[in-house]
Amino acid sequence: MGTFMTRQTFDRLAEIRRLLIAQLPVTETRSGHPSDIFAPWAGSLLARNRGIYYVGIALAAECIRGSEQDFEKCVASTLKFISDWQHEKVNTPFWRFFDRLTLQFLGQHFEAVSDRWGWSNLLKIQWSKGSPGTWPPELIELQRDICREALREEFAQLHESLVFIGSANEFAILWSIVGEQHVWNKEHEEKAGIWWLQENRTGNLFIKAYHPNYAQQQNFAGAVLDVTSELARTHLAAFG
């Protein structure tokens with residue numbers, strides 16, 4: 001199937017989406033609507049052979065198919081998006097940064113090693129207009145619990161892998177899954193805006209950083225890559 005998301009989780013997200021459509025109609029003061037459900041990608045060798053799981057905020061949501069959601073079609077839509085390196089949205093700071101990670105740790109551009117990595121988002125339902133900071137608060141509040149469960153479900157299938165979260169805001173989703181703020185290591189915060197944590201149970205290395213677009217604008221994207229490389233090679237046998 002190519003995803004760590006279960007059909008049961010997808011169906012619960014579909015119900016939340018129907019609720020959002022009913023509660024957040026288009027008005028004179030609010031344009032836009034909930035997007036399709038984002039089904040995360042997971043390569044066929046990722047759970048078994050270790051690799052990289054790349055977590056963003058939310059996918060740009062121009063393509064809306066209607067109110068009914070289909071699990072297989074949403075997974076296929078995610079794969080189609082990441083399979084075309086020439087796609088204008090793929091050639092962005094977010095994906096260029098990830099390409100540098102796969103080149104460094106997996107030896108090839110990301111589209112050539114898709115069996116060893118996965119892509120997810122903190123939020124599974126986006127708003128079709130604007131950035132997360134401008135979205136209706138209900139959009140995030142209503143899906144928060146199921147997004148926590150979905151991400152927990154995804155992380156549970158990883159071991160000794162690098163999990164890179166490229167978002168300054170965790171939307172009250174991440175801390176409850178991996179560990180509250182006070183347990184993260186922060187010695188690289190000033191240099192690269194990075195917090196990190198290695199989970200004893202799975203051996204996964206979690207790195208939380210700013211979105212690569214912001215890191216590039218502020219001229220510390222190189223530091224993010226350097227620190228990520230240092231941490232991964234130190235704490236993960238697969239990348240040592």
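The values are calculated or read from the model by the stated rules, or taken from the named source; none is laboratory data. Everything numeric here is computed off the predicted structure, so don't read it as measured data. Counting neighbours? That spans all protein chains shown, and the Cβs are built from the backbone with ideal geometry, glycine included.
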Strands (runs of 3 or more DSSP E) contained in region 110-174 and holding at least 1 residues out of contact with any Leu (no Cβ under 6 Å at 6 or more places or on another chain) and under 16 Å from LEU19 (Cβ atoms): 125-127
(1) part of a loop (DSSP other than H, G, I, E, B); (2) modelled with pLDDT of 90 or more; (3) under 18 Å from ALA156 (Cβ atoms) all hold for TYR53 apart from (1)
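One line per residue, one yes/no per condition, for (1) assigned to a helix (DSSP H, G or I); (2) modelled with pLDDT of 95 or more:
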{"position": "GLU187", "(1), (2)": "no, yes"}
{"position": "ASN200", "(1), (2)": "no, no"}
{"position": "ALA223", "(1), (2)": "yes, yes"}
{"position": "VAL227", "(1), (2)": "yes, yes"}
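Inside region 95-127, can you point out the residues that are buried (at least 18 other Cβ atoms within 10 Å of the Cβ), among the hydrophobic types (A, V, I, L, M, F, W, C) and under 20 Å from ALA209 (Cβ atoms)? Explain how you work it out, then say what you get.
Taking region 95-127 and keeping what is buried (at least 18 other Cβ atoms within 10 Å of the Cβ), we get 95, 97-98, 100-102, 105-106, 110, 113-114, 116-127.
This time we only want the ones that are among the hydrophobic types (A, V, I, L, M, F, W, C), so: 95, 97-98, 101, 105-106, 110, 113, 117, 119, 122-123, 125, 127.
Scanning region 95-127 gives TRP95, PHE97, PHE98, LEU101, PHE105, LEU106, PHE110, TRP117, TRP119, LEU122, LEU123.
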Note on HIS182: of the conditions (1) surrounded by fewer than 16 Cβ atoms within 10 Å (Cβ to Cβ); (2) part of a loop (DSSP other than H, G, I, E, B), unmet is (2)
Could you list, in sequence order, all residues of region 92-109 that are part of a helix (DSSP H, G or I) and hydrophobic (A, V, I, L, M, F, W, C)? PHE94, TRP95, PHE97, PHE98, LEU101, LEU103, PHE105
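Which of the residues belonging to region 85-97 are touching a helix residue (DSSP H, G or I) at 6+ places or on another chain (Cβ under 6 Å) and either at pLDDT 95 or above or closer than 13 Å to TYR54 by Cα (or both)? Before you say what the answer is, go through the steps one by one.
Residues of region 85-97 touching a helix residue (DSSP H, G or I) at 6+ places or on another chain (Cβ under 6 Å): 85, 93-94, 97.
The answer is PHE94, PHE97.
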